[in-house]
Amino acid sequence: NAVLCARDLRMTYGRGTGLVTALSGVDLEVAQGETVAVMGPSGCGKSTLLQLMGGLQRPSGGEVWVAGRPLTGMSERKLARLRRDAIGFVFQSFHLMDELTAVENVELPALLAGRSSARARSRAQALLEQVGLAEQAGRLPADLSGGERQRVAVARALSNEPLAVLADEPTGNLDSASTADVLRLLDALRSDGQTQVIVTHDARVAAAADRLISMRDGVFVEETRLSHGSGGL
Ligand code: ADP
Ligand code: ADP
């Protein structure tokens, strides 16, 4: 029942003399409802791993399955649809649309997936409520704090009820109060059984996961199962 599965995943960037090996053969299975944190020094391949697992890039070697479906050989169109329907991405820098209000940002994936505007809007409003931002629905990202922007981004990631949320340093640009807000939110999602893979430098974020993977130089060096997952918050 692995939602995400990777076998002998490898990634090399560049050509000729400019080759950079980002991943040198990693195996990962993320079970339904599991929250996995990935830590490691800058440049060890964490973002690359997340991008390959979510079909944002194609690996140089190895294989990724999402809900049992192999990404290898999938056309760009099918891959784009799978990203849209099965994966919710959260980035360090939020990646919200500046011209759209919070609720418009959150409903966008549902509209792109072909939902009616009424359904997309009501789901977006419910998601903003879930992340504690019902009052801010009509605001532009510029009028929100960093933590609020990231909670909007998490709400957007949940728009299409993804099989997995993939978050790349979701608290990396936030002050400690906003980090605590986003951490609470991710922990609530974990309690709800949302499958998540979270790349983080923050030990508090990592401590709230079910499993912690430590990476170095493109490989996994340690895996720890955390018993409680509540992070002691
Ligand atoms: P991390 O997320 O752990 O910081 P990354 O996966 O971003 O690591 O990067 C792993 C290595 O691959 C680094 O050496 C980085 O410079 C390199 N890299 C990442 N993305 C690219 C890219 N698009 N082109 C070239 N090199 C890249
Ligand atoms: P975000 O903040 O949204 O997570 P980043 O600011 O970390 O995004 O940007 C990372 C992007 O830059 C990724 O797409 C990664 O593949 C790319 N990248 C990382 N290292 C390199 C590199 N050495 N050369 C080219 N692209 C890189």
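The values are calculated or read from the model by the stated rules, or taken from the named source; none is laboratory data. All values derive from a computational prediction rather than experimental measurement. Neighbour counts run over all protein chains shown; Cβ positions are idealised from the backbone, glycine included. For the accessible areas, the whole protein counts, side chains as well, though only heavy atoms, and no ligand, DNA or RNA atoms are used. Shrake-Rupley method; radii C 1.70, N 1.55, O 1.52, S 1.80 Å.
A few notes on this one:
- Divide the volume of the convex hull around the Cα atoms of the range 1-155 by the residue count and you get 148 Å³ per residue.
- Using alpha-carbon coordinates, inclination of helix 102-112 to the longest axis of the chain, degrees: 60 degrees
- When shorter helices are ignored and each DSSP H run of at least 4 residues is given -39500 (n - 2.57), the per-residue value for the chain at 222 nm works out to -10000 deg cm²/dmol.
- Accessible surface of the chain, 1.4 Å probe, proportion on carbon and sulfur as whole %: 48 percent
- Largest accessible area first, the residues Lys46, Lys78 order themselves as Lys78, Lys46 under a 1.4 Å probe with ligands, DNA and RNA left out.
- Taking the inverse of the mean 1/r over every pair of distinct Cα atoms in the range 69-175 gives a Kirkwood hydrodynamic radius of 14.1 Å.
- Annotation: per residue accessible area for the chain equals 46 Å², rounded to a whole number [probe 1.4 Å, protein chains only].
- Taking Arg119, Arg211, Arg204 and ordering them by how much accessible surface each has at a 1.4 Å probe, largest first, produces Arg119, Arg204, Arg211.
- A cut-off under 12 angstrom between Cβ atoms defines the neighbours of Gln92, and their net charge, with Lys, Arg +1 and Asp, Glu -1, is -1.
- Ratio Rg/Rh [Cα only; Rh per Kirkwood] for the range 1-59: 1.00
- The angle between the Cα long axis of helix 176-191 and the main principal axis of the chain comes to about 80°, on a 0 to 90 degree scale.
- Once the Cα atoms are used to define both axes, helix 146-157 deviates from the longest principal axis of the chain by about 80 degrees.
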